[in-house]
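Just below is one structure, and these are the notes that go with it.
Each reported figure results from applying straightforward, stated rules to the coordinates on display, with no laboratory input. All values derive from a computational prediction rather than experimental measurement. With ideal geometry, Cβ positions are generated from the backbone for all residues, glycine too; neighbour counts draw on all protein chains shown.
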Amino acid sequence: MGTRWLSFQLWQAALRKSISLPVGAQGASMKLGLIIMAKEPMPGRVKTRLCPPYTPEEAAELCRCFLLDTFELAAMLQGVKVTIAYFPAKAGRTLKARVPPAFELMPQRGADLGERLSNAFEELFSLGYERVVAIGADSPTLPPAYLDR
C-alpha cells in the first residue's frame with residue numbers, strides 16, 4: 001500500500017502543480033502532454049482487490065469500462081497530446097483498436113509502477129513536452145476541468 005499511496009500522492013502533486021502554474025500568452029504554444037497509465041483488462045490480473053465480491057471476469061470488465069471512460073475524458077481536452085502508456089507490452093495491439101486515433105501508444109518500461117511512471121515522464125520530456133501530467137486509467141470521474149488547465 002505504501003508505494004501505491006506514494007504514487008497517488010505524486011500524481012496529485014503533479015496535477016496540483018500543473019493547475020497552479022500560470023498560463024499566459026506563451027501557454028497556448030506550450031507542448032502539453034497527458035499520460036494515461038493503462039493496464040490490459042485481463043481477468044485475474046487487474047482490480048484483484050475487488051475479488052471477492054466480484055469475480056475476476058467482472059473486475060476485468062470494470063477495468064475495461066474505466067479505461068474506455070478515461071479515454072473519453074482525455075479526448076475532451078483541447079491542446080493536449082494524450083499518450084497511453086500500456087502494460088504489458090503485448091497489450092498495444094488490443095488497445096490500438098480502443099483508443100482515439102489522435103492518441104499515442106507507448107509501452108510501459110520498468111520493474112514497478114514508480115519506475116514506469118518515471119520512464120513515461122522522461123520519454124515525453126525528451127520529445128519536447130514542457131508540461132506533463134499522468135493519471136491512472138481508472139480515473140473516469142476526474143473532472144475534465146482539472147486536466148484542461
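Let me check I've understood the local charge: for THR83, count other residues with C-beta under 14 angstrom from its C-beta, Lys and Arg +1, Asp and Glu -1. What total comes out?
Values: positive: LYS31, LYS81, LYS96, ARG109, ARG116, ARG131; negative: GLU104, GLU122, GLU123.
My count for the surroundings of THR83 gives +3.
Taking 1 over the mean of 1/r across every pair of different Cα atoms in the stretch 34-140, what Kirkwood radius in Å do you get?
14.2 Å
Among LYS39, LYS90, LYS31, the order by Cβ neighbours within 10 angstrom, fewest to most, reads LYS90, LYS31, LYS39. Relative intensity of the stretch 82-149 on a log10 scale, I(q)/I(0) at q = 0.16, 0.17, 0.19, 0.23 Å⁻¹, equals -0.61, -0.69, -0.87, -1.22, per a Debye sum over C-alpha point scatterers of equal strength in the absence of solvent.
Kindly put MET37, MET30 in sequence by how many other C-beta atoms sit within 10 Å of each C-beta, fewest to most.
Values: MET37 23, MET30 14.
Final ranking by Cβ density, sparse to dense: MET30, MET37.
What residues from the stretch 93-108 fall in the zone where the backbone N is under 20 Å from a label point 7 Å along the Cα-to-C-beta line of ALA75? What the label zone holds, given the 20 Å backbone N cut-off, is 93-106. The length gained on full extension between ALA145 and GLU61, counted as 0.36 nm times the residue separation minus their Cα-Cα distance, comes to 27.5 nm.
How would you rank SER139, SER118, going from fewest to most other Cβ atoms within 10 Å of each one's own Cβ?
Numbers: SER139 17, SER118 14.
Ranking SER139, SER118 by Cβ neighbours within 10 Å, fewest first, gives SER118, SER139.
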